[in-house]
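The values are calculated or read from the model by the stated rules, or taken from the named source; none is laboratory data. Nothing here was measured: the structure is a model prediction, and the numbers come from that model. Here the Cβ is made from the backbone with ideal geometry for all residues, glycine too, and neighbour counts use every protein chain on show. Side chains are part of the model used for accessible areas, which takes the heavy atoms of the whole protein and leaves out ligands, DNA and RNA. Shrake-Rupley method; radii C 1.70, N 1.55, O 1.52, S 1.80 Å.
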Amino acid sequence: MKTETRIFLADDHPLLREGLRKVIEREAGMTIVGEADDGEQALALIAESRPDVAVLDVEMPKMSGFEVARAIRERRLPVEIVFLTMHKDEDIFNKALDSGAKCYVLKDSAVIEIVGCIKAAVRGEHYISPSVSSYLVNRRTRTGALARQKPTLRDLTETEQRILRLISEYKTSKEIASHLGVSHRTVENHRTNITNKLELRGSHALLKFALEHKSELP
């Protein structure tokens, strides 16, 4: 049974990293395995050190926390993501959850909350800073409203939903075809059917829709 939780810290503010490091290292069973002050360095070191949890600043030089998280998912690295931000911004919050992360902490309370947040991440549970918990309520309310207003989402076939999920991961039609073991033409036909069912218009409408509703797709 694993008893040690390996943690990576990525934030371009050294004082915040130092504060988080001190709090985390005082907790039995938690170890810092690496740190970075920009996104590119963070991704390289995370791939090398394979931590259990990566604590990522949303805004970093070279690559944002969201870009790092997306790359981690694309590489299928078994790392739980905790996002840090200084902004009480609902759009950023939704983007964080759409990326697949379950944990979201404001920097002004991070030193107090980080240990509990990491423990929740390891258990596969959600952890949201209390001061932005209303965003989660709003998100769930909108999701319920969307399901009522857009029954066409439920009308998609299982294959169409899988393709929409792959589109949300920025995969091309060729990559989707390879992933599903079908022809490129078959994928293009599915894309056309999805677009028609969802009544989407515009060259990038399907990708935009897939990204906006990624968390609702299987």
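Report, ordered by chain and residue number, the lysines lying within cross-link reach of residue 171, taken as a straight Cα distance under 18 Å and ignoring same-chain residues fewer than 8 apart.
208, 214
How many percent of the alpha carbon pairs in region 1-127 exceed a separation of 20 Å?
Roughly 34 percent, rounded to a whole number.
Calculate the FRET efficiency for residue 200 and residue 22 from the Cβ-Cβ distance with a Förster distance of 35 Å, rounded to the nearest 0.05. Intermediate results must be reported in sequence, preceding the final value.
Numbers: r = 50 Å, r/R0 = 1.42.
Step by step, r from the Cβ atoms, then E = 0.10.
Ranked by accessible surface with a 1.4 Å probe, highest first, in what order do 126, 190 come?
The ordering from most to least exposed comes out as 126, 190.
Any idea what diffusion coefficient the chain gets from Stokes-Einstein, in µm²/s, Kirkwood Rh on alpha carbon pairs, 4 °C, 1.567 mPa s?
69
Sort 57, 12 from largest to smallest accessible area, using a 1.4 Å probe on the heavy atoms of the protein chains.
These residues rank, largest area first, as 12, 57.
Can you tell me the accessible area per residue over the chain, all protein chains present, probe 1.4 angstrom, in square angstrom?
That works out to 54 Å² per residue.
May I ask for the distance between the Cα centers of region 17-41 and region 162-189, given as a whole number of Å?
About 38 Å separates the Cα centre of region 17-41 from the one of region 162-189.
In square angstrom, rounded to the nearest 10, how much accessible surface does residue 60 have for a 1.4 Å probe?
20
Please work out the FRET efficiency for the pair residue 161 and residue 50, using the Cβ-Cβ distance as r and a Förster radius of 35 Å; give the result to the nearest 0.05.
For R0 = 35 Å, the calculated efficiency reads 0.65.
If Lys and Arg each add +1 and Asp and Glu each add -1, what is the summed charge of the other residues whose beta carbon sits under 11 Å from the beta carbon of residue 103?
Taking every Cβ under 11 Å from that of residue 103, the sum is 0.
If you build a Gaussian network model of the chain, linking Cα atoms that sit under 10 Å apart, which residue out of 120, 110, 177 swings the most?
The residue with the greatest mean-square fluctuation here is 177.
Can you compute the charge dipole magnitude of region 22-82 about its Cα centre, using +1 on each Lys and Arg Cβ and -1 on each Asp and Glu Cβ, nothing else charged? Give it in debye, rounded to the nearest 20.
Dipole about the Cα centre, nearest 20: 240 debye.
List the lysines whose Cα sits under 19 Å from the Cα of residue 119, skipping any in the same chain fewer than 8 residues away.
Leaving aside lysines fewer than 8 places away in the same chain, those within reach of residue 119 are 2, 22, 102, 107.
Let me cross-check residue 214: its accessible surface, 1.4 Å probe, with only protein heavy atoms counted, in Å² to the nearest 10?
It works out to around 40 Å².
Using the Cα centre as the reference, give the magnitude of the dipole from point charges on the C-beta atoms of the chain (Lys, Arg: +1; Asp, Glu: -1; all else neutral), rounded to the nearest 20 debye.
Rounded to the nearest 20 debye, it is 920 debye.
Would you compute, from DSSP H runs of 4+ residues alone, the mean residue ellipticity of the chain at 222 nm, taking -39500 (n - 2.57) per run and dividing by the full residue count, rounded to the nearest 500?
Numbers: 11 runs with 117 residues, N = 218.
Value at 222 nm, helices only, nearest 500: -16000 deg cm²/dmol.
Taking the chain as a Gaussian network, where each spring joins two C-alpha atoms under 10 Å apart, which residue of 100, 29, 181 fluctuates the most?
Of 100, 29, 181, the most mobile in the Gaussian network model is 181.
Considering only 163, 101, 128, whose Cα is most displaced toward the positive end of the charge dipole of the chain, charges sitting on Cβ of Lys, Arg (+1) and Asp, Glu (-1)?
163
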